[in-house]
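The values are calculated or read from the model by the stated rules, or taken from the named source; none is laboratory data. Keep in mind it's a predicted model, so treat the numbers as computed, not measured. Note that each Cβ is placed from the backbone with ideal geometry, even for glycine, and that neighbours are counted across all protein chains shown.
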Amino acid sequence: MVTRAFVAMLRTKIHDHIEWPAELAEFRQLVEAVRFEVVDTIIQTRIHRHSAYLMGKGRVEEMAERVASEEIEVVAFYNVLTSMQKYKLQKILCCEVIDRYEVVLRIFEREARDRVSKLQLELASLQKSYPFIKVTVGEQLKREKPSRGEHSRGGGEYAYHSKLQQVDKRITKVKRELAKLRRENRSRLRARRELGIPMVCLVGCYNAGKTSLFNALTGGEKEVSERPFTTLASKVSQASNLGVFFVDTIGFALGLDPVLISAFQLNLDDMRAADIVVLVLDAADDIVLLHMKLQRVISILDDTGIDRRRLIIALNKVDLVGERLTNQIIPFIEKNFDLEWVAVSAATGYNLSELEILIRKRYAELK
């Protein structure tokens, strides 16, 4: 059964006429990946967020009329909402309201298959839902309290505290389990390092072709899909001809919430432990989108503590770009980023030997 949805976005950077359309287009793709039918996109531009509704109350009321008349079941906001904004929006729109964080969580839920991914996902979900539970039940208690007396405590309040305690306990348990798995993962990483075999981690935004490149370099047959975020748990394989461990790990997206990223510490540990990090880009992307993705991933890697000297750019899918490669993409990379790069095609095998040479060269320089 099709779920009809609106996509909504508040633009606060009023002088930005380039980046927001790319951000919105990618978000719409993610909403559609959740299998929602996007009926329309609603955009408002204002310098400051409305504290209660994100958008202006008048625009939200207009949206509520359309939600009712067009039988909309979900409104997906590009912006990350506070718990109070989500609560108030659901009350006035009379439908489910989710934000960018929750859209990505739903995709993760569909793709999570192993224990590590499921636990990391559960932690991210619990951290998001906990403050919303506090707001929702707290507002309900405010409405009930006058009839019970100012200082009385009824069953609803006990249920409220009980629910929060349950979530607290589950968060603590999941964190404890993940800490144990993280120790085990770090032990494996140390064991690989003691073998003296270089570790090369492939990173980048989803659908850049990381898994295709991983397969091409290792001879592997890992599933390749156009679906976003199909790789949640890192996969490791050794390329015997190179004497290198390659690691394929979680993909990123524009506007991915830092809190969500931080929940996937085991993946970040794999990136930190790598001797070389290959940042895979989709060369077929529009140059504006290419720039935004490159900046976003480099920012995440910087925050993760990865030395840029360990970073190499792999421009993938160059078999699809023709003369744009030499006329536009390469000049852009060389002008804006002081990083070594190589143009490759995982699909055709083009220039993979050059990537391998660059990996060996950089590894020798850093030893």
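Brief remarks on what is shown
- Options SER129, SER162; residue that is polar (S, T, N, Q), at pLDDT below 85 and not assigned by TED's automatic domain parsing to the domain that holds TYR206: SER162
- Hits in the stretch 35-58 - residues which are surrounded by 20 or more Cβ atoms within 10 Å (Cβ to Cβ) and closer than 27 Å to GLU109 by Cβ: PHE36, LEU54
- VAL137 falls short on exactly one of the conditions (1) modelled with pLDDT of 85 or more; (2) farther than 21 Å from ARG49 by Cβ; (3) of a type in the set (Val, Ile, Thr), and that condition is (1).
Residues checked against (1) in contact with a strand residue (DSSP E or B) (Cβ under 7 Å, 6 or more places away or on another chain); (2) more than 25 Å from LYS128 (Cβ to Cβ):
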| position | (1), (2) |
| --- | --- |
| ILE18 | no, yes |
| GLU26 | no, no |
| GLU32 | yes, no |
| THR41 | yes, no |
| ALA52 | no, no |
| VAL75 | yes, no |
| LEU81 | yes, no |
| LYS91 | no, no |
| CYS94 | no, no |
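- Considering each residue of the stretch 313-324 in turn, at least one proves to be in contact (Cβ under 8 Å) with a residue 12 or more places away in the chain, in contact with a strand residue (DSSP E or B) (Cβ under 8 Å, 6 or more places away or on another chain) and not aliphatic (A, V, I, L, M).
- The test for being in a loop (DSSP other than H, G, I, E, B), outside the structural domain of VAL31 (by TED's automatic domain parsing) and on the phi < 0 side of the Ramachandran plot does not hold for ALA314.
- Number of the exception - LYS91 against (1) over 23 Å from the mean Cα position of the chain (by Cα); (2) crowded, with 22+ Cβ neighbours inside 10 Å: (2)
- Residue within the stretch 173-180 that is under 29 Å from the mean Cα position of the chain (by Cα), at pLDDT 80 or above and under 30 Å from LEU294 (Cα atoms) present: yes
- Matching residues in the stretch 73-92 - criterion: being among the aliphatic types (A, V, I, L, M) and closer than 21 Å to ILE107 by Cβ: VAL74, VAL75, ALA76, VAL80, LEU81
- Among residues of the stretch 330-351 that are more than 20 Å from GLY209 (Cα to Cα), those with a beta-carbon under 7 Å from a residue that is of a type in the set (Val, Ile, Thr) and assigned to a helix (DSSP H, G or I) at least six positions away or on a different chain give the pairs PHE332/ILE287.
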